Structures are given as structure tokens and as C-alpha cells.
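To start, the structure under review is shown below, and the notes come after it.
Nothing in this text is a laboratory measurement; each read-out follows from the coordinates by a stated rule. Just so it is clear, the model here is predicted, and its values are computed rather than measured. Please note: Cβ atoms are built from the backbone with ideal geometry, for glycine as well, and neighbour counts cover all protein chains shown.
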Amino acid sequence: MRIRLALKVILFTVLVPGTVVVCVPYLLLRQSGALGWPAVSARTVFGSFLGLCGAGLYAHCVWAFAVRGQGTPAPFDPPKVLVVEGVYKRTRNPMYLGVLCILLCEAMLLGSTLILIYAGIVFVSFHLFVLLYEEPHLRRQYGKVYMDYCRAVPRWWFARRPFNGENRAA
């Protein structure tokens, strides 16, 4: 069972975030002729740090979804338990923030305005998905627990104090 869950998480990660942060940026840069190795600078060092933070954030979220929630990041195979542990105690959408950090890293490393614009489009897409699908679905599924969580934890930023509500099974 654990192997099956791990394979589903890996497959989702390769297909969805992998497409968003690898395939599309590559195609955009190839089309514009802007592919090349970046020179070391303060911008590229900070961008690299941001990318590593984003990758770590995404990995932490996937781990929490699989281990605590017994599910995947995929909307068609979500966690069976509302995950409000780890970084989820401070922000509601850390997985999306991790992906956005990776895109910002790429924009900084490559000095690409095109990737920066693409990151903005991805953010708007994430925001609309969260507003129109994810939050209504979670409100229906978890009710008051999720509403309390939403009141205490920001959607796109980090709370000063961690959420200390309890997790409840669906």
C-alpha cells in the first residue's frame, strides 16, 4: 500500500509540477532563444536559495499529504485527513508557494522576464483553482474545522502563530 501511494505521488509530481516548473519554462526559453548557463551573481545565488526552499517546501507538503493524510496532492486522490501540521500550521497553500518559489528561482537564475510573467500567470491560475474548487470542496468535506483553519491561517502568506486546532478524519 505504501509503495502504491509513493508511486502515485511520484507520478503526480513528475506530471503536474514537473510540467509547470520544467517543461513549460524550457519550451518558453527555447522558443525565445534564451537558454544558457547563468553567471554567478548575487541574483543567481539568491535565486538558487529560493529554488531550494521551494523544492523543500514542496517535498515537505507531499510527505505530509502521504504520511499524515494518506493521500496525494492530486485533486482526484486527496488526503483522507485534513492536513494542518508542519508548515500547514502557518500557511494554507505551501505546496503552491513551493512551486512558485521554484519558478521565481528559474526567472532569477536565467534573468528571464518571460519566466517571471509565466510565474504570475501560474499564480493567478493557482489562486483561481483554490478559490473556485479547492476551498469550496474542503469546506464541504471538513466543515467547521476547515472554516476555523481558514480564519486562523492565511491563504498566501504565513501566520505569525501556528494554527493549533486539531486534525479530524473525514
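Within the chain, helices built from complete DSSP H runs that reach 27 Å or longer along their own axis (Cα positions) and carry a mean Kyte-Doolittle hydropathy of 1.0 or higher are 42-67. Taking each residue as 0.36 nm, the span from Arg161 to Trp63 lengthens on full extension beyond its C-alpha to C-alpha distance by 33.0 nm. Of the residues Ala42, Tyr146, Leu27, the one whose Cα sits farthest toward the positive end of the charge dipole of segment 2-152, with +1 on the Cβ of Lys and Arg and -1 on the Cβ of Asp and Glu, is Tyr146. Under the criterion of Cα pairs below 8 Å and six or more residues apart, the relative contact order for segment 2-152 equals 26 percent.
With a 10 Å Cβ neighbour count serving as the proxy for reagent exposure, in which order, fewest first, do Lys89, Lys80, Lys144 appear? Walk me through the intermediate numbers first.
Values: Lys89 19, Lys80 13, Lys144 10.
Placing the least packed residue first, the sequence is Lys144, Lys80, Lys89.
Label zone (Asp148, point 7 Å along Cα-to-C-beta; backbone nitrogen cut-off 20 Å) within segment 55-71: 69.
Inter-label distance, Ile121 to Val24: 0.7 nm, where each label sits 7 Å from its Cα along the C-beta direction. Please report the spacing between the Cα centers of segment 109-170 and segment 56-76 in Å, no decimals. Distance between centres, Cα-based: 14 Å.
Only Lys, Arg, Asp and Glu carry charge here, each on its Cβ (+1 for the first two, -1 for the last two); on that basis segment 40-170 has a dipole of about 480 debye about its Cα centre. Of the residues Thr72, Thr44, Thr91, the one that moves most in a GNM of the chain with alpha-carbon contacts below 10 Å is Thr44.
Which of Val22, Val99, Val62 ends up with the largest GNM mean-square fluctuation for the chain, with Cα atoms connected below 10 Å? Taking springs between Cα atoms under 10 Å, the residue moving most is Val22. Largest GNM mean-square fluctuation across Met108, Met147, Met95, computed for the chain with C-alpha springs under 10 Å, falls on Met147. Full extension of the segment from Ile10 to Phe49, taken as 0.36 nm per residue of separation minus the current Cα-Cα distance, would add 11.7 nm. Neighbours of Ala66 by Cβ distance under 13 Å: Lys/Arg scored +1, Asp/Glu scored -1, total +3.
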